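Engineer: Mind having a look at this structure? Questions to follow.
The values are calculated or read from the model by the stated rules, or taken from the named source; none is laboratory data. What you see is a predicted model, and the numbers here were worked out from it, not measured in a lab. All Cβ positions, even for glycine, are placed from backbone atoms using ideal geometry, and neighbour counts span all protein chains on display.
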Amino acid sequence: MHNPAFQMRKLSSAIAFTSIISAPMLAFAQPTDSASDVELEDMQVVGTAMDAMGYIEAEKQPNVGKLDVALNEQPFSISVVDEQFMQDTGSKTIQDALLYTPGVYAGNYGFDTRIDGASVRGIEAGRYLDGLRQLYGSYNSVRTNPYALESLEVLKGPSSMLYGQADLGGVINGVSKLPEEERSGEVWAQYGSSNRKQVAFDVTGAADEDGKLLYRLVGLKRDSDTQVDHVEDDGYVVSPSLTWRPSDDTEITLLVNRQENNGQVSAQFLPQAGTLEPGSQGFIGSERFVGEPGWDRYDREKTETTLFFDYQINRDWAFSATARYTDSSTETREHWVDIPSQPDANGEVSRTIFTDDSSTQIFNIDARLEGAFELGVTQHNLIAGIDRQDASWEQDNYSSVAGGGGTIDIYDPQYGNLQLDSLDPTDRPGNDIEQVGVYLADHIEVGPVVVSAGLRRDWAENNGPDPATSEPSSSDESATTGRLGLMYQFDNGVSPYVSYSEAFTMNLGTDGSANPSALEPTTGEQQEAGIKYLSPDKSLAISAAYFDITQENRINDGTTPGGVEQTGAVIDGWELQINKRWQDFETQLGYTNMNANNDSTGERLSAVAEKQASWWNKFYVGNNWRLGAGVRYIGDNVGSGGAPKVPSETLFDAMIGYTVGQWDLSLDAKNLTDEEYVSWCRYEGGDCGYGERRNVTANVRYQF
C-alpha cells in the first residue's frame, strides 16, 4: 500500500485544485436581482420542438449509483446520456452514444462489429444493464442495442463498493425501457450508408383502466453492410415488458430481451505497414477484408429475462430487488493477418484461421433495503444490500492457427484460398465466476454538508484456463472495499466535493517468474476533487473534476492475454462538462486531459487518448426545424511499450431535422468529412485498426 502521508499530499493538491476553480465559479453563480433573470426562470416555450429539448440531467437520480439521490448532489463523477441525445447524434451503438462524454474514450479500438469499445479514465470499464453485470469473457454475446435503452449512465472511477470485483475505470450502465402509464409510441424507418436498412417500433401504455397493468413492446430489425467489404451487420431485437401493480405499494416488472445479430468480424488486424505508414505498395484501404466470403462469420444470439420487484414498506423504507438470467451463444469463423506480419514486395501476407463456438449462462441478483429518514439534524438516504453473481462460459470447437489460413494479396485480394485442413478444433476448459457481496452505504445531509460513505465485503471465486498455458487455474479471494465523499452545497448552486474510492478485480493464471505463482488481484484507488454547479433556472450545469488513480498488479501491456507480468499504473488528470440551454439553442462541451502511465517504466498506457475535446450543439428554427452540429478532437495514443504513436484526429458530425404534426424527418452524419484514420496499433511493427468512416442515415418517425 502507498504511504498515507503521500496520499494525503495528493488529496490536499486535489482540494487546492477545487478551491482554485471554485473561486471564479462562486462569483459567476451569484444570484442577481435583474428582471431578465427572473423572466428567464419563468419562461416557457410551447411547441413540439422545444418539448424535446433538454440534455441537462443534473437532477436525475442515476441507477448506477444505487442511491436514490440526484446526480448533482453526489460527491462522485457520474455522466448520463439520455435517449434524446442518442437520437440527436445518430447513435447506432453504445460506443456511438458515448462519443461526447468527458472522461470516456469511446471507439478506442476503432470500427468494430464485436464490441462497444470504451475506456473510462484510461482503464476499461465494466458493462452493466439495469445495475447488474452483463458481460463476462469475450466473443460470447450480443452487444446491447441502444434503441432498447432510455439512457446510459457512466460512473467514473473505482466502484467495487457498489458492485464487487469491477474494472477500475468505472461502470457503464444501460437503463432499459420499461412500461409507462401514459400511452405513447413510434414507428421508425431508417436508411443509410453501407446500404443500411432498419425498421423499429416502441409502444407503451396501460392495459387496463385502473393502471394496474402496464405494457411496453420494443422491436427493431436491421439489414446492413459495413465499411469493410464482405462484412455485414444484420440483426433484430424484440423486448417486451409487463408491469403489474397488485397494490399501491407493490410493483413487479418482467422484461424479456431477445437479440440476434448475424454478420462477420470487422476487425482485420491489418499490418502497421500499409495503415499507419506506407507498405510495400502504399496504403491498405479501411474497406479491406482478408477473410473468405461465405465462410467467415460472426453469428450471435442471446435471451435476457429480468425481474424487477419494488415494495414500499412504509413512508421511509422500501425493498427492491433486480434479478436477471442470460443465455447467449456465438459462432465465429474468422481470418486475420498474422500478428506481427508485414506485406512482402508482392503485397502478400499470411493469415491466421480461427474458429470458436462460445456459450454463456449468467444469473445475477441484487436485493436491497432503502431508507430515507431524518435523525436529529441529519437527513439520511441509506441502502443495505446483498448481491450475487453466477456466470459460466465455455469455448468449444476452438482453433487458432497462425499461418494456417494461407496467404493473400493485401492490396488486391483474390479469395478462394480456404484451407480448413489446418484446423484442429478442441474444447477448452470452461470459465465461471461466483461472487457474493454485502454492502452498506449512507448519504447524509447536515444542512449544506453532504457526507456519502459506503463499505462492502465480497467473497469471490474465479475458475478457468490459464490464459498463457490453457491449464485449469483458480482464484479465490475475499475483499473489503469502500468509498467516501464529502460535498458542500452553497445556496447559489455551487457544490465543491472530494471523494475516495477503491476497486479490485481477480486474475487467472501464473506469472513468468522462475518459480511461477498465482497472479494477484488487480487493485486500485482513486482520489477525486471537483465542483458541480446547477443554475437556479436549471439552464446551466457544469461539472469539473480532478482525479488521481493508482493501480496495482495490473496485467502488463504486451504480454500474452492473461499476462506473465504484473506492474502498476498511475493516472491523473481532469475533465470538464458544460451544458447550457438558451431559448432555442442547447450546447454541450466536454474536455478531458490526463496522464496515463506504467508506474515502473513510465511509458504511456496503450490505446489511451490522453486528451479529448467535444462540442455538440442543437438549434431550433421556428417550431419545425432543428439543426445539430458537433466536433470531436481525439488526441494521439500509443501502442504497447509506448510505440508506435497514432496521431490525433478531429472529426465533425451533423444533424438536420423537421417535425410536422406526428411526423419527424431527420438526417444525421458522423465523420462528415470522411476522414480515413487509424485509431489504434497494438505495438511497434504489429497490427492496427481503422476508425469509423463517414456514416449518414436518413430517418422517418411517426409518433403517436
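Engineer: Quick check on this structure: which one of 256, 265, 218, 237 is touching a residue at least 40 places away in the same chain (Cβ under 8 Å), within 29 Å of the chain's Cα centre (by Cα) and surrounded by fewer than 16 Cβ atoms within 10 Å (Cβ to Cβ)?
Structural biologist: 256
Engineer: Sticking with this structure for a sec: For residues that are assigned to a strand (DSSP E or B) and either under 30 Å from residue 179 (Cα atoms) or without any contact (Cβ under 8 Å) to a residue 40 or more places away in the chain (or both), tally how many sit in region 282-310.
Structural biologist: Looking only at that region, the number is 13.
Engineer: For region 83-99, which residues satisfy the criterion of being hydrophobic (A, V, I, L, M, F, W, C) and either more than 16 Å from residue 192 (Cβ to Cβ) or crowded, with 23+ Cβ neighbours inside 10 Å (or both)?
Structural biologist: Scanning region 83-99 gives 85, 94, 97, 98, 99.
Engineer: Still on this structure, I have one more. Under the condition of being over 17 Å from residue 418 (Cβ atoms) and buried (at least 18 other Cβ atoms within 10 Å of the Cβ), which residue from region 286-297 is nearest to the chain's Cα centre (by Cα)?
Structural biologist: 286
Engineer: Then there's this: Determine, yes or no, whether residue 106 is closer than 25 Å to residue 526 by Cα and either in contact with an Asp or Glu (Cβ under 9 Å, 6 or more places away or on another chain) or of a type in the set (S, T, N, Q) (or both).
Structural biologist: yes
Engineer: Working only within region 512-545, note down all residues that are at pLDDT 90 or above, aliphatic (A, V, I, L, M), farther than 17 Å from residue 483 by Cα and more than 21 Å from the chain's Cα centre (by Cα).
Structural biologist: 531, 534, 540, 541, 542
Engineer: Here is a follow-up. Tell me, yes or no, whether region 476-494 has at least one residue that is of a type in the set (A, V, I, L, M), in a strand (DSSP E or B), more than 24 Å from residue 532 (Cβ to Cβ) and touching a residue at least 24 places away in the same chain (Cβ under 8 Å).
Structural biologist: yes
Engineer: Kindly indicate whether residue 623 is of a type outside the set (A, V, I, L, M), over 29 Å from residue 651 (Cβ atoms) and either touching a residue at least 60 places away in the same chain (Cβ under 8 Å) or out of contact with any strand residue (DSSP E or B) (no Cβ under 8 Å at 6 or more places or on another chain) (or both).
Structural biologist: yes
Engineer: On to the next question. Just to confirm my filter: which strands (runs of 3 or more DSSP E) fall fully inside region 335-446 and include at least 1 residues that are touching a helix residue (DSSP H, G or I) at 6+ places or on another chain (Cβ under 9 Å) and buried (at least 16 other Cβ atoms within 10 Å of the Cβ)?
Structural biologist: The qualifying strands (runs of 3 or more DSSP E) are 348-375, 378-401, 431-446.
Engineer: Moving on to the next point. Assess whether residue 229 counts as being farther than 25 Å from residue 307 by Cα and within 21 Å of the chain's Cα centre (by Cα).
Structural biologist: Criteria not met by residue 229.
Engineer: Give the residues of region 185-215 that are basic (Lys, Arg) and either under 26 Å from the mean Cα position of the chain (by Cα) or surrounded by 20 or more Cβ atoms within 10 Å (Cβ to Cβ) (or both), sorted by residue number.
Structural biologist: Of everything in region 185-215, those that are basic (Lys, Arg) and either under 26 Å from the mean Cα position of the chain (by Cα) or surrounded by 20 or more Cβ atoms within 10 Å (Cβ to Cβ) (or both) turn out to be 196, 197.
Engineer: A follow-up question, please. Quick one: in region 463-485, of everything that is surrounded by fewer than 17 Cβ atoms within 10 Å (Cβ to Cβ) and touching a Phe, Trp or Tyr at 6+ places or on another chain (Cβ under 6 Å), which residue is farthest from residue 449 (Cα to Cα)?
Structural biologist: 478
Engineer: To continue, here is another question. Restricting attention to region 298-320, report how many residues are over 30 Å from residue 408 (Cα atoms) and either crowded, with 17+ Cβ neighbours inside 10 Å or out of contact with any Phe, Trp or Tyr (no Cβ under 7 Å at 6 or more places or on another chain) (or both).
Structural biologist: Going through region 298-320 one residue at a time, the tally reaches 15.
Engineer: Report, by residue number, each residue of region 366-410 that is free of Cβ contacts under 8 Å to residues at least 24 places away in the same chain and either under 30 Å from residue 351 (Cβ atoms) or among the β-branched types (Val, Ile, Thr) (or both).
Structural biologist: none
Engineer: What is the residue count in region 125-143 for residues that are modelled with pLDDT of 95 or more and either among the acidic types (Asp, Glu) or within 11 Å of the chain's Cα centre (by Cα) (or both)?
Structural biologist: Of the residues in that region, 3 qualify.
Engineer: A follow-up question, please. Do you know which of the residues in region 228-240 that are in contact with a Ser or Thr (Cβ under 6 Å, 6 or more places away or on another chain) and not charged (D, E, K, R) is farthest from residue 298 (Cα to Cα)?
Structural biologist: Here the residue is 228.
Engineer: Do you know which of the residues in region 152-184 that are among the polar types (S, T, N, Q) and surrounded by fewer than 23 Cβ atoms within 10 Å (Cβ to Cβ) is farthest from residue 576 (Cα to Cα)?
Structural biologist: The qualifying residue farthest from residue 576 (Cα to Cα) is 184.
Engineer: Among the residues of region 311-327, are any of a type in the set (Phe, Trp, Tyr), at pLDDT 95 or above, in a loop (DSSP other than H, G, I, E, B) and farther than 26 Å from residue 135 by Cα?
Structural biologist: no
Engineer: Which of the following residues is over 30 Å from residue 702 (Cβ atoms) and of a type in the set (Phe, Trp, Tyr): 236, 163?
Structural biologist: Unique residue meeting the criteria: 163.
Engineer: Still on this structure, I have one more. Identify, please: which residue in region 221-235 is charged (D, E, K, R) and in contact with a Lys or Arg (Cβ under 8 Å, 6 or more places away or on another chain) and is, among those, nearest to residue 147 (Cα to Cα)?
Structural biologist: Among those residues, the one meeting the criterion is 222.
Engineer: Additional query: Can you give me the number of residues within region 636-667 that are surrounded by 15 or more Cβ atoms within 10 Å (Cβ to Cβ), within 22 Å of the chain's Cα centre (by Cα) and within 23 Å of residue 227 (Cβ to Cβ)?
Structural biologist: 6
Engineer: Run residue 452 past the list (1) polar (S, T, N, Q); (2) at pLDDT 95 or above; (3) under 23 Å from residue 556 (Cα atoms) and report the number of the one that doesn't hold.
Structural biologist: (3)
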